[in-house]
Amino acid sequence: MHGLRQHAQTSRFVSRSTLRTLRGVSACQGRRYAGTTPTEAQEKPPPAGGELPSIATSKLLRVTRETALKSPGLMWTSEPESASPDGGRETRKMNMYQAVRDALGIALSTDESAVVFGEDVAFGGVFRCTMGLAQEYGKERVFNTPLTEQASTNGIAGFGIGLAAMGQTAIAEIQFSDYIFPAFDQLVNEAAKIRYRSGGQFNVGGLTVRTPCMSVGHGGLYHSQSPEGFFLGASGLKVVVPRSPIQAKGLLLASIRDPNPVIFMEPKILYRSSVEQVPISDYTLPLSKMETLVRGSDLTLLTWGTPLYTCEMAMSMLSSPPPSLQGEDFVPRDARKANIELIDLRTILPWDMEGVIESVNRTGRLVIVHEAGRTGGVGAEIAAEVQKRCFLKLAAPVKRVCGWDTPVGLQYEKFYIPDALRILDAMVETLKY
C-alpha cells in the first residue's frame, strides 16, 4: 500500500480526493492489523480474494443455463429443439477463448467460403482461440501467415480485403491489437472506403479482423494497448468489443455475417477469467446496440470490455464502502444511496448514440471509463455528443476516467489503467457537483 500511496502522491494527475482515500486506506490498514488492542489483534484479515466483486464472482456473468438463455438480444439461427419456453436449447460452460473458438467453428461449418488465417493460428494461436480448427476443417481453410509484424499485419489485412472482395468470408487474426498499426492504411483507406470508391460495385463486408486488446497486468507498451479510438474516423468500418463468453460468441458471429468490415477486439485478460454457460446453438447478438446491465436513475456509468468489472467493483464500494472508506470525507452518506446505471457500449463504431442519450437524459449525469489514453479517446467523442444533445438535462459535467496519456508502463501497469478507486472518486465528484 505504501508503494501505491507514494505513486499517487508523486503523480500530478491524481485528484486530491483520491489521495485522501489512499491515505485513509493505508492508515486504516495500519490500525487494523498492527495489533494495538486485543480487539484489533483478534480481527481476521480479509479473504485472499477480497470482499469486493471480481471477475470470478461478477454478477454480470450468466453462470446458469436459465440466465444464459435469457440474455437480451439473442437471435437464434435455428429452429427450437422443443416446445418448451427455452426451446430445449443446451448450454456449456466456456471461458471466452472457448466461446470464440466455438463461434469460429460454427462460421467455418455453416459457410464453405469462410477461411481463418493469421500468425500461428494453424496450431491454435497464442491464446488458443483456433485450437483444432486446422485439423477439423483443413489447412487450406485455417492457415498461418508469416511471422513478421511490419509486413505480416499489413499483408494479413490486404489479403483479407482481396478475399472478401472476391466474395469469400475472410476471418483474419492480428496477434495483438498493438500490432494493428502497420495494417492501418489497408483497413482505413481500402476496407472502409471500397464500397464508396467503387460506387457500390465492390465491398469487403466479408472481412472480420479479430485481435486481442486491453491490458493484462504486465504487457507493457507493446502488449496492453487499447487502439479502438484510432478507428473512430474510419466511416465504413465497425469496431466491436465483447465483455464475456456469451457476448463474444454472439457478437463475433454477427460481425462475421455483417455486410460491413468489422474489427473485433477481444479483451485478452477475459479469455480465461470470464466464464459463463454459453448456448451451443448458432446465435447472434445485435451490433451497434448497447446493453444496460444495471438499471439506475442518478448516474450513467458507461464503458466496454474489461473495465466493466472494475466499474462493478466501484459501484459496490459506493453503495457499501469497505471499512477503510467509511468516513464521510471519502464516500458521503447521501452518495451511497445513488442508483447507478451501468452500460456496456459493446459496439464502439458506430456506437449506440440513441441509447446513451436516452440514459443520460434520464439520469442527468455521465461517467465514461476506458483503458485507452484520455486525449483523442472514444470517451471524448461520446462526451462531446452528450454535452451537445443533453445540455439542458445535465446536472454535472461529463467526466472521463481513462488511461494516462503515456505509453503503458513496463512496470506498475496497474497504475496506468483505471482502477475502482479512480472510478469511485469520479462518481462521487459527479454526484456531489
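The values are calculated or read from the model by the stated rules, or taken from the named source; none is laboratory data. In this text, all values refer to a predicted model and were calculated from it rather than measured experimentally. Reconstructed Cβ throughout: ideal geometry from the backbone, glycine too, with neighbour counts over all protein chains shown. Accessible surface areas use protein heavy atoms only, side chains included; no ligands, DNA or RNA. Shrake-Rupley method; radii C 1.70, N 1.55, O 1.52, S 1.80 Å.
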key: Where a residue in the stretch 308-320 is without any contact (Cβ under 8 Å) to a residue 60 or more places away in the chain and open to solvent by less than 20 Å² (accessible area, probe 1.4 Å) and its partner, wherever it lies, is polar (S, T, N, Q) and part of a helix (DSSP H, G or I), with Cβ under 7 Å and at least six apart   = none
task = Would you tally the residues in the stretch 62-113 being at positive phi and touching a Phe, Trp or Tyr at 6+ places or on another chain (Cβ under 8 Å)?
result = 1
remark   = Here the residues within the stretch 162-194 that are more than 18 Å from residue 252 (Cα to Cα) and in contact with an Asp or Glu (Cβ under 8 Å, 6 or more places away or on another chain) are 179, 182
key: Residue list for the stretch 365-394, filter: out of contact with any strand residue (DSSP E or B) (no Cβ under 9 Å at 6 or more places or on another chain) and hydrophobic (A, V, I, L, M, F, W, C)   = 384, 391, 392
query = Does the stretch 186-193 contain at least one residue that is closer than 15 Å to residue 264 by Cβ, touching a residue at least 40 places away in the same chain (Cβ under 8 Å), in a loop (DSSP other than H, G, I, E, B) and out of contact with any strand residue (DSSP E or B) (no Cβ under 7 Å at 6 or more places or on another chain)?
reply = no
inquiry  = Go through the stretch 367-382 and report how many residues are closer than 14 Å to residue 232 by Cα and either out of contact with any Gly (no Cβ under 8 Å at 6 or more places or on another chain) or in a helix (DSSP H, G or I) (or both).
reply    = 6
request  = Report the residue count in the stretch 403-433 for those that are within 25 Å of residue 222 (Cα to Cα), among the hydroxyl-bearing types (Ser, Thr, Tyr) and surrounded by 14 or more Cβ atoms within 10 Å (Cβ to Cβ).
outcome  = 1
inquiry  = For the stretch 193-248: of the residues being in contact with a helix residue (DSSP H, G or I) (Cβ under 8 Å, 6 or more places away or on another chain) and hydroxyl-bearing (Ser, Thr, Tyr), which is farthest from residue 288 (Cα to Cα)?
reply    = 222
note = Of the residues in the stretch 202-223, those that are under 13 Å from residue 265 (Cβ atoms) and outside any loop (DSSP other than H, G, I, E, B) number 6
task = Being buried (at least 24 other Cβ atoms within 10 Å of the Cβ) and touching a Leu at 6+ places or on another chain (Cβ under 6 Å) narrows it down to one of 212, 261, 245, so name that one.
result = 261
remark   = Within the stretch 56-89, the residues that are surrounded by 13 or more Cβ atoms within 10 Å (Cβ to Cβ), touching a residue at least 40 places away in the same chain (Cβ under 8 Å) and not β-branched (Val, Ile, Thr) are 58, 60, 61, 62, 65, 68, 69, 71, 73, 74, 76, 89
note = Flagged in the stretch 165-192 as small (Gly, Ala, Ser) and in contact with a helix residue (DSSP H, G or I) (Cβ under 8 Å, 6 or more places away or on another chain), in numbering order, are 165, 170, 172, 177, 183, 191
inquiry  = Among the residues of the stretch 333-340, are any in a helix (DSSP H, G or I), at pLDDT below 95 and not polar (S, T, N, Q)?
reply    = no
